Amino acid sequence: MISPANTAPNTFLSLGNGNGTFQTVSTLLLTTQNPDGIAVADVNKDGLLDIIVDDNGAPGTPSGSIQIALQRPGGSFVHVGTLGQFNPTGVIAVDLDGDGNVDIGATGTINGQDLFNVFPGRGDGSFFAPAQFPVPAGVLHPIAAHLTDTVAFDAITSGISANQISVLVNHGANTLRHRR
C-alpha cells in the first residue's frame, strides 16, 4: 500500500505479507512538496514493481516534478530520478509507444499550456525527453486503456476547466491523436 501526504515526510509504503495483512509503514525517500498521484510499474524490467509519484509542487509555483523509485530485492526502494519541471496533475505508467518498455504519461501545465506529456521509457529505469500533446484546460488524472487494436495503450484525460474529456488515440511511436 502506498499513501501520499501533504506534510513531510510525504510518501509512505507498507508492503503486503501475502495473507491480507501489511508490514510496518516505512517512508519512501522522495523529495516531494505536494504528492498528487501514484503509479506502479516495472520500469527497469527486473521483475519488481517500481513507484512513480507525481509531485504537484508548492502551491502557486511551477516547482512540480515526477519522482521515480526503483524497488530493490527485499522490498526496499531507491530514488533514481526526477522528470520535468512542471506541475503534474496525474501520472500513468504503461507502454504508450508500443516498444515493450514502460513509459510515463503525465498531465500537467507548462507555461500556461495544459499538456499530456509522454516520457518514453528506455527499459532500464530511465526515460527520454517528453513528447507533448495539448489537451483541454484544467487537465487532471489520466487513465490508460486499449481503445483501439494497437499494441500501445491509448490515453484519456479530463479537462475540468473546459468541461471536456480528451481521448488520445495511439497510432504507435508516440503519435497520439485527439479523437472527438
Taking first residues from region 32-46 that are more than 11 Å from residue 102 (Cα to Cα) and among the β-branched types (Val, Ile, Thr) and second residues anywhere that are in a loop (DSSP other than H, G, I, E, B) and at pLDDT 95 or above, the pairs with Cβ under 7 Å that are 6 or more apart or on different chains are none
Could you run through region 1-15 and say how many residues are modelled with pLDDT under 70 and open to solvent by 40 Å² or more (accessible area, probe 1.4 Å)?
-> 8
Here are some residues: 157, 107. Which one is β-branched (Val, Ile, Thr) and either farther than 23 Å from residue 44 by Cα or open to solvent by 70 Å² or more (accessible area, probe 1.4 Å) (or both)?
-> 157
Pick from region 69-104, criterion of a type outside the set (A, V, I, L, M), open to solvent by 30 Å² or more (accessible area, probe 1.4 Å) and in contact with a Leu (Cβ under 8 Å, 6 or more places away or on another chain), ranking: nearest to residue 145 (Cα to Cα) = 71
Any residue at all in region 53-63 that is surrounded by 21 or more Cβ atoms within 10 Å (Cβ to Cβ) and among the hydrophobic types (A, V, I, L, M, F, W, C)?
-> yes
Sort out which residues of region 113-154 are of a type in the set (A, V, I, L, M), open to solvent by less than 40 Å² (accessible area, probe 1.4 Å) and in contact with a Ser or Thr (Cβ under 8 Å, 6 or more places away or on another chain), and write them in order of number.
-> 115, 135, 139
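The values are calculated or read from the model by the stated rules, or taken from the named source; none is laboratory data. It should be emphasised that the depicted structure is a prediction, and the values quoted were computed from it without experimental measurement. Note that each Cβ is placed from the backbone with ideal geometry, even for glycine, and that neighbours are counted across all protein chains shown. Accessible surface areas use protein heavy atoms only, side chains included; no ligands, DNA or RNA. Shrake-Rupley method; radii C 1.70, N 1.55, O 1.52, S 1.80 Å.
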